[in-house]
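One structure below.
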Amino acid sequence: MDLRAYVLRRLALTTLVLFGVLVVTFLLSHVIPADPIGAILGPQAPPELVEKLRREWGLDKPLHEQFIDYVCRAVRGDLGRSIRTNRPVLQDLLEFFPATLELATASLMLGVLVGVPLGTISALRRGSWIDHAARVFVTLGVSTPVFWLGLIMLMIFYYRLGWLPGPGRLDPYMTPPPRVTGLILLDSLLAGRLDAFYSALRHLAMPAAVLGWYAAAGIARITRSSVLEVMRREHVRTARAKGLLERIVVLRHILRNALMPIVTVIGTTYGGLLEGAVLTETIFAWPGLGRYSTGAFLYLDFMAVMGTTLFIAVIYSLVNLAVDLIYAYLDPRVRYG
Amino acid sequence: MSSPLLEVRDLIVHFYTREGVVKALDGVMLSVGRGEIVSLVGETGSGKTVTALSIMRLLDHNARIVRGEVLFEGRNLLQLSEEEMRRIRGREISMIFQEPKSALNPVLTVGFQLREALEAHGEEGEAALEKVLSMLRRVGLPDPERLVNRYPHELSGGMAQRVMIAMALLMRPKLLIADEPTSALDVTVQAQILELIQSLVREMNTSVLFITHDLGVAAEISDRIAVMYAGVVVEQGNVYDVFEEPLHPYTRGLLAAIPRPGRELMAIEGEVPSLLNPPSGCRFHPRCPAVMEVCKRVKPRLVEVEPGRLVACHLYGGE
Amino acid sequence: MEGARRTSIRGSLLMARLVLSSPTGFAGAVIVAGLLILSLIGPVLAPYDPYKQDMSERLMPPSWEHPFGTDQLGRDILSRVLYGCRISLSIALLVVAISATIGLLLGLVSGYFGGLVDEALMRVTDLFFAFPRLILAMAVAAALGPSIINTMLAIATVSWPVYARLVRACVLQVRNETYIEAARAIGAGHVRILFRHVLPMVVHVVLVQATLDLGSIILLAAGLSFIGLGAPPPTPEWGLMVSEGRLYIRSQWWVSTFPGLAIMISALGFNMLGDALRDAFDVRLGR
């Protein structure tokens, strides 16, 4: 199997999974709720409106036709209309997504920058105080509820100490930079607005630190065990026997080989960060997918809830696809079969 | 034998494990002369590899060298700084291993790993590549220009071991430590690899410490032979002498355990002792057919009974 | 591997000793034992009725009468946290029991028989891994409507695939062991082989995973409640309590802090115990 066959196979598999995702969201939105329209409009809806919607959405048709309709609409990007914002769900999602992307990316970068070195050092110095400290950091990180940690940090660093700004993405009196990518950090740089950049960075710090700790904990844990495993392999001994500098042995022959499980965990961490965003965005008044979807739920905005689910599953599947492709790049055994 | 290239003196190594302290080496004595091929033979777990790794100072972190000297050209390697030792590895002493395919890094190309061995000692660029290619040719690998771009999993075991040999000899080291280099290979390939090692080291005047559990292989390749049992070198001598007239009861048992046509096969009674709690005195005494009272109490020293002929047994040279 | 097959009393004792001899394992075991005891006798210890409102006593800071203070409705937070222990633990234990059993059975069948069944089942688990757990649980909870039972259903729905995969991988390893072939050769039936020979080999893997999972399920359930998809008010559920205290975090910090600490300590206990169990099994399986 060569590289092209591998990539094609992975693409096919992703397509299959995405189709399955559609099946799941269809089941959740059309089959499981006894009365989908009731779920959408609420119990007090006038019967003629229910009847109208039922026909409009094809809910009077047999299930398999409904499914085909559903898939066709989803593929066209028609995820229905939100009753809360009265706009197409996809349009909402695209508006709210960049804030989540910015938060998740910043957290992931923090997670990698802290987690990989921490995991590596604690493996290389197994049993030392730094290893024990790292273990405490990791166990606390995976055990602390992010939504609670967010609240506590807000209380301490904003309300009590005043070191960091409170909720939101920018200081309230500041005009946001013109929206290009939706990522305020990037947009403010594009507009040459250093003040906005600085303010956005300060607002990002707390939520990113909360989610970053969670990410770093997971990444450090896997890095440690992966590095420990590679350290035992024989090729590391060969590398030392060649007289390579210890720094090169660690970077090239240990870390490089330990990278594959780390890349995988970075992929799953991304999923965890999307979850984390759902849990923390409300606290930090962060206008992202999480706040959108929790709001949608509380308003029983059914289309928006299912649309977000589908959207996040697609993003997550694409991240996993990317991980598999990086894998192929990193490991020649995958590349050449 | 005036000033050997390598001399290991009274080397004691312990491993600290969860079950307790494993006394892996208990005063190993060994020497390798210039241009000489010395075989270190013994059963699995007798401490051959630990000896080799101690010389290279590549033991795992849970190992401690308790005592002893490793003299290489008169310098005690155990007292060098880590950086001084690094300069010796690969340049003056290099090593090849039992499983050539796992001894190579699976994610780097063969060529990269070979050039790295040169870069470690300051040789870079076009000249280094040339050197790699010519070395690959010398170890009998066809089409080296293509080979350098391949990955270890694409090679057969024999090819991988040839690559390892090329890597080990790139810097023309004075000593090559070969740790069971043929044990994992097919018999036909085994013979080729042995022949290759033999001819290359003669050409380069490189000494070899050849580790094997296979007496046949040892007889074929070496000038001298050292027999290890439970962390101790029990006998050392010219390969011809040792095979013709083994002195130590363990060596005799070992030789009797080689199947030969027309002779009854003899097994050594008992089991290899646990090194967590090794026998007192001579470590072989519980299994020795010629055991005496003194063997249980006093550890025999390795003494020279004839020029170049050493044995550690109370039957000889009784103090 | 031999040792794991004889899941005997002596083996369990050895395990217990190994786990308790590590500091994390000991701390984890103490926390978990404490949680189990509290979930049994918590209501007896609670000084007040967790539902009793007293508007004259609302948002009182921690004091001798109310060690954890009172919430926005004047309810005693300590009592609510104590009652909440039973809720969180029952959710976690039930969900893990259900999803581990489902995953175990499907994984056994899938790994043992292989072929089409295996392929189909593994594609289904792929599907579940395409969603972050909380997101799918949210969608399921949204489809079913909020209640404690539905929270549990939602979490169980998204939790079993991990076990199925784990067990399957384990069975694949075990399937070709000599003693299983021997059992087959003397004519033992599939069911007998599965339950007498394969099951004991995978039980310890499931046990470690389940312990670690208890921690993450406590977090997941609390998270669902926090965003309003779990237990409805006025249930003394920890995640819900943190959420209710959100508005008061500025000056009445105790309303959210104590239930949150309870979540963290519980998750910490199961995670530490799970880590120690995993290390201990590694040692026992000869590493």
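The table below gives the values:
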quantity: Members of the stretch A:31-63 found to be part of a helix (DSSP H, G or I) and modelled with pLDDT of 70 or more, listed by number; calculated: A:Val31, A:Pro47, A:Glu48, A:Leu49, A:Val50, A:Glu51, A:Lys52, A:Leu53, A:Arg54, A:Arg55, A:Glu56, A:Leu63
quantity: Close pairs (6 angstrom Cβ cut-off, 6 or more residues apart or separate chains): touching a residue at least 40 places away in the same chain (Cβ under 8 Å) in the stretch B:208-228, surrounded by fewer than 18 Cβ atoms within 10 Å (Cβ to Cβ) and in a strand (DSSP E or B) anywhere; calculated: B:Arg224/B:Asn238
quantity: Flag if B:Val132 is surrounded by fewer than 21 Cβ atoms within 10 Å (Cβ to Cβ), out of contact with any strand residue (DSSP E or B) (no Cβ under 7 Å at 6 or more places or on another chain) and in a helix (DSSP H, G or I); calculated: no
quantity: Candidates A:Arg84, A:Arg135, A:Arg126, filtered to the one that is of a type in the set (Lys, Arg), out of contact with any Cys (no Cβ under 6 Å at 6 or more places or on another chain) and either free of Cβ contacts under 8 Å to residues at least 12 places away in the same chain or under 30 Å from A:Val180 (Cβ atoms) (or both); calculated: A:Arg84
quantity: When residues of the stretch A:138-185 are limited to those that are free of Cβ contacts under 8 Å to residues at least 24 places away in the same chain and aliphatic (A, V, I, L, M), the one surrounded by the fewest Cβ atoms within 10 Å (Cβ to Cβ); calculated: A:Leu161
quantity: Helices (runs of 4 or more DSSP H) contained in the stretch A:235-337 and holding at least 2 residues out of contact with any His (no Cβ under 9 Å at 6 or more places or on another chain) and surrounded by 23 or more Cβ atoms within 10 Å (Cβ to Cβ); calculated: A:256-280, A:289-298, A:302-330
quantity: Condition broken by C:Trp254, with the remaining ones in (1) more than 23 Å from the chain's Cα centre (by Cα); (2) of a type outside the set (S, T, N, Q); (3) away from chain A (no Cβ under 11 Å) satisfied; calculated: (3)
quantity: Subset of the stretch B:115-126 that is without any contact (Cβ under 8 Å) to a residue 40 or more places away in the chain and not in a loop (DSSP other than H, G, I, E, B) - its residue that is nearest to the other protein chains (Cβ to nearest Cβ); calculated: B:Glu116
quantity: Selected residue (only one of B:Glu83, B:Glu126, B:Glu92, B:Glu99 is within 18 Å of B:Val201 (Cα to Cα), surrounded by fewer than 21 Cβ atoms within 10 Å (Cβ to Cβ) and either out of contact with any Gly (no Cβ under 7 Å at 6 or more places or on another chain) or not small (Gly, Ala, Ser) (or both)); calculated: B:Glu92
quantity: A:Val114 part of a helix (DSSP H, G or I), touching a residue at least 12 places away in the same chain (Cβ under 8 Å) and either within 23 Å of A:Ile283 (Cβ to Cβ) or within 24 Å of the chain's Cα centre (by Cα) (or both); calculated: yes
quantity: Of all residues making up the stretch C:106-152, the number that are within 18 Å of A:Leu300 (Cα to Cα) and among the small types (Gly, Ala, Ser); calculated: 7
quantity: Pairs where the first residue, in the stretch A:10-37, is over 20 Å from C:Val158 (Cβ atoms) and the second is at pLDDT below 85, C-beta under 6 Å, 6+ apart; calculated: A:Pro36/A:His30; A:Ile37/A:Val50; A:Ile37/A:Leu53; A:Ile37/A:Arg54
quantity: Failed condition for C:Ser63, given (1) without any contact (Cβ under 8 Å) to a residue 24 or more places away in the chain; (2) surrounded by fewer than 22 Cβ atoms within 10 Å (Cβ to Cβ); (3) in contact with a helix residue (DSSP H, G or I) (Cβ under 8 Å, 6 or more places away or on another chain); calculated: (3)
quantity: Unique match (being touching a helix residue (DSSP H, G or I) at 6+ places or on another chain (Cβ under 6 Å) and either modelled with pLDDT of 75 or more or more than 18 Å from B:His213 (Cβ to Cβ) (or both)) among B:Glu264, B:Glu269, B:Glu293; calculated: B:Glu269
quantity: Qualifying position, being among the basic types (Lys, Arg), under 23 Å from B:Arg202 (Cα atoms), surrounded by fewer than 21 Cβ atoms within 10 Å (Cβ to Cβ) and at pLDDT 90 or above, among B:Arg138, B:Arg146; calculated: B:Arg138
quantity: Qualifying residue in the stretch C:178-188 (condition: aliphatic (A, V, I, L, M) and in contact (Cβ under 8 Å) with a residue 40 or more places away in the chain); calculated: no
quantity: Residue match in the stretch C:102-124 (condition: within 14 Å of another protein chain (Cβ to nearest Cβ) and under 15 Å from C:Asp213 (Cβ atoms)); calculated: no
quantity: Complete set of residues in the stretch A:75-97 that are assigned to a helix (DSSP H, G or I) and crowded, with 21+ Cβ neighbours inside 10 Å; calculated: A:Val89, A:Asp92, A:Leu93, A:Phe96
quantity: Residue match in the stretch B:184-202 (condition: hydroxyl-bearing (Ser, Thr, Tyr), in contact with a His (Cβ under 8 Å, 6 or more places away or on another chain), surrounded by fewer than 19 Cβ atoms within 10 Å (Cβ to Cβ) and closer than 27 Å to B:Leu6 by Cα); calculated: no
quantity: Boolean, B:Ala218 is in contact with a strand residue (DSSP E or B) (Cβ under 7 Å, 6 or more places away or on another chain), surrounded by 14 or more Cβ atoms within 10 Å (Cβ to Cβ) and of a type outside the set (Phe, Trp, Tyr); calculated: yes
quantity: Inter-residue pairs, beta-carbon under 8 Å, first at positive phi and in a loop (DSSP other than H, G, I, E, B) and in the stretch B:20-36, second crowded, with 21+ Cβ neighbours inside 10 Å and among the hydroxyl-bearing types (Ser, Thr, Tyr), 6+ apart; calculated: B:Gly35/B:Thr206; B:Gly35/B:Ser207
quantity: Subset of the stretch B:163-201 (residues that are touching a residue at least 60 places away in the same chain (Cβ under 8 Å), assigned to a helix (DSSP H, G or I) and of a type outside the set (A, V, I, L, M)); calculated: B:Gln198
quantity: Identity of the residue in the stretch C:137-161, β-branched (Val, Ile, Thr) and surrounded by fewer than 20 Cβ atoms within 10 Å (Cβ to Cβ), that ends up nearest to C:Leu108 (Cα to Cα); calculated: C:Ile149
quantity: Complete set of residues in the stretch B:89-114 that are part of a helix (DSSP H, G or I) and either among the basic types (Lys, Arg) or more than 7 Å from every other protein chain (Cβ to nearest Cβ) (or both); calculated: B:Pro100, B:Lys101, B:Val110, B:Gly111, B:Phe112, B:Gln113, B:Leu114
quantity: Residue check, C:Ile180 exposed (fewer than 15 other Cβ atoms within 10 Å of the Cβ) and either among the charged types (D, E, K, R) or in a helix (DSSP H, G or I) (or both); calculated: no
quantity: Failed criterion for C:Val202 (all others in (1) modelled with pLDDT under 85; (2) assigned to a helix (DSSP H, G or I); (3) surrounded by fewer than 19 Cβ atoms within 10 Å (Cβ to Cβ) hold); calculated: (3)
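The values are calculated or read from the model by the stated rules, or taken from the named source; none is laboratory data. Values in this document were obtained by computation on a predicted structure and should not be read as measured data. No Cβ is skipped: glycine too gets one built from the backbone with ideal geometry, and neighbour counts run over all protein chains shown.
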